[in-house]
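Novice: Encoded as structure tokens, here's the structure I'll be asking about.
The values are calculated or read from the model by the stated rules, or taken from the named source; none is laboratory data. Because the structure is a prediction, the values reported are computed rather than measured. Ideal geometry is used to build each Cβ from the backbone, glycine not excepted, and the neighbour counts take in all protein chains shown.
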Amino acid sequence: MNGIYAGINGNSILKLIVTLIIFILILFITYYVTSFIGNIQKTQFATGNIQIIEVRRIMGNKQLAVVKTGNDYFLVGIGKDEINLIGKVDGEALVFNEESQPPAFGEILDRIKNIREKKK
């Protein structure tokens, strides 16, 4: 065999296939372990007494958050190194919008594709 395939033999192809299988196996294990840990954390946050209702960024690293503890709502200021209680909020005055979900990744990708197509 001359040319491109001169240095390729069955042993090197076998090593490549085994390495590829190990790589894919590591990817699957990483995916399942990450999703398992995420589900554990999700159940811990869902069953606690503290819920973050809404968070708004007001400056670079400063945020306002509405936090529910028990039956009470509080407005909290969050900075880089501190958290400050601003005050108690009347729960009846809050407007809850259950349908305001962040857009799915596919929707964002479609928007970007549409913008690129319009530029062409």
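Novice: If I ask for residues that are surrounded by 11 or more Cβ atoms within 10 Å (Cβ to Cβ) and in contact (Cβ under 8 Å) with a residue 12 or more places away in the chain, which ones from segment 71-88 would you list?
Specialist: Across segment 71-88, the qualifying residues are 72, 73, 74, 75, 76, 77, 78, 79, 86.
Novice: For residues in segment 52-80 being modelled with pLDDT under 90 and outside any strand (DSSP E or B), which is farthest from residue 42 (Cα to Cα)?
Specialist: Looking at residues that are modelled with pLDDT under 90 and outside any strand (DSSP E or B), I get 60.
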